[in-house]
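Encoded as structure tokens, the structure appears first; notes follow it.
Here, each number is a calculation from the coordinates, and none is a lab measurement. Quantities reported herein were computed from a predicted structural model and do not represent experimental measurements. Note that each Cβ is placed from the backbone with ideal geometry, even for glycine, and that neighbours are counted across all protein chains shown.
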Amino acid sequence: MNSLLLAVVGGVIAGALLHSGIAGLGAAALCFAVPYLRLSMQRRRRMEKIEEQIPDAIDIIKRALRAGHPFNAAIKLVADDMSQPIAKEFELTFSDLNYGNDVRRALLGLLNRVPSVTVMALVTSVLVQRESGGNLAEILDQIAKVVRGRFKFERKVRTLSAEGKVSAWVLSLVPVGLTAMLSIASPNYLPILLKVPVGHKLIYASVALAILGIFWIRRIIRIEV
């Protein structure tokens, strides 16, 4: 509902200001996508935060098991001692266990809520240990080392790709900067572009190509770890 309302308002304002139905439709589509993009960013940041907290959560479970606590109590310790958002997820997992679900269903529920490679490694190690036996504390110790090594490598990759991200931002902002400079230096120059139909087409084409270039650069510099 909010997306639809934002799209209508943005489309009407853009169409009225630019005197173009195509511009209004483009602005409406962009405004409609803004809430979804915001939710996507919030979800990605939440997932990244949980993945950063997983090694500490594994350490808590490992120490609790070595101290003689059952697995359910170890899950509860993570929910009590860790900060959000991972505390909430482990609290829900403990509630599943406390209300009668078996460990497999509870952990698969955690993986369904937090679909990440790190959580999958934790869930898989626990389920395999329960079926085949072994020292779960030692297994979790190795999992924590692997996860921390993965994060260390991921930070290195992010550092190396930072130059590409800066280049993407610079290339994206160059047209905006040139437009602002031309508006100040030659105030009568840009209105001519807005008055003729060819100018409108050139503006639409340049915006489309700029967006395509941004996504293309992001695809090039994005490295999955």
Next item on the list: Can you confirm whether the range 185-199 contains a residue that is free of Cβ contacts under 8 Å to residues at least 60 places away in the same chain, more than 30 Å from residue 74 (Cα to Cα), hydrophobic (A, V, I, L, M, F, W, C) and surrounded by 11 or more Cβ atoms within 10 Å (Cβ to Cβ)?
Entry: yes
Note to self: For the range 132-141: of the residues being surrounded by 14 or more Cβ atoms within 10 Å (Cβ to Cβ) and not acidic (Asp, Glu), which is nearest to residue 52 (Cα to Cα)?
What the structure shows: 140
Next item on the list: Tell me which residues, restricted to the range 100-125, are free of Cβ contacts under 8 Å to residues at least 24 places away in the same chain, surrounded by 14 or more Cβ atoms within 10 Å (Cβ to Cβ), polar (S, T, N, Q) and part of a helix (DSSP H, G or I).
Entry: 125
Checklist line | Residue among 176, 198, 128 that alone is under 24 Å from residue 92 (Cα atoms) and either outside any loop (DSSP other than H, G, I, E, B) or hydrophobic (A, V, I, L, M, F, W, C) (or both) | finding: 128
Notebook entry, point to check: Looking at the range 158-174, is at least one residue in contact (Cβ under 8 Å) with a residue 12 or more places away in the chain, surrounded by 11 or more Cβ atoms within 10 Å (Cβ to Cβ) and under 30 Å from residue 69 (Cα atoms)?
Noted result: no
Next item on the list: Kindly check whether there is at least one residue in the range 145-152 that is among the aliphatic types (A, V, I, L, M) and under 28 Å from residue 55 (Cα atoms).
Entry: yes
Next item on the list: Output yes when any residue across the range 146-153 is of a type outside the set (Lys, Arg) and closer than 19 Å to residue 63 by Cα, and no when none is.
Entry: yes
Check: Which one of these does residue 133 not meet: (1) touching a residue at least 12 places away in the same chain (Cβ under 8 Å); (2) closer than 30 Å to residue 67 by Cβ?
Finding: (1)
Item checked: Qualifying residue in the range 63-75 (condition: in contact with an Asp or Glu (Cβ under 6 Å, 6 or more places away or on another chain), surrounded by 15 or more Cβ atoms within 10 Å (Cβ to Cβ), part of a helix (DSSP H, G or I) and free of Cβ contacts under 8 Å to residues at least 24 places away in the same chain) -> no
Check: Which pairs do you get when a residue that is touching a residue at least 60 places away in the same chain (Cβ under 8 Å) and crowded, with 19+ Cβ neighbours inside 10 Å, found in the range 88-99, comes within reach of a residue that is of a type outside the set (A, V, I, L, M, F, W, C) and not in a helix (DSSP H, G or I), reach meaning Cβ atoms under 7 angstrom, with the pair 6+ apart or on two chains?
Finding: none
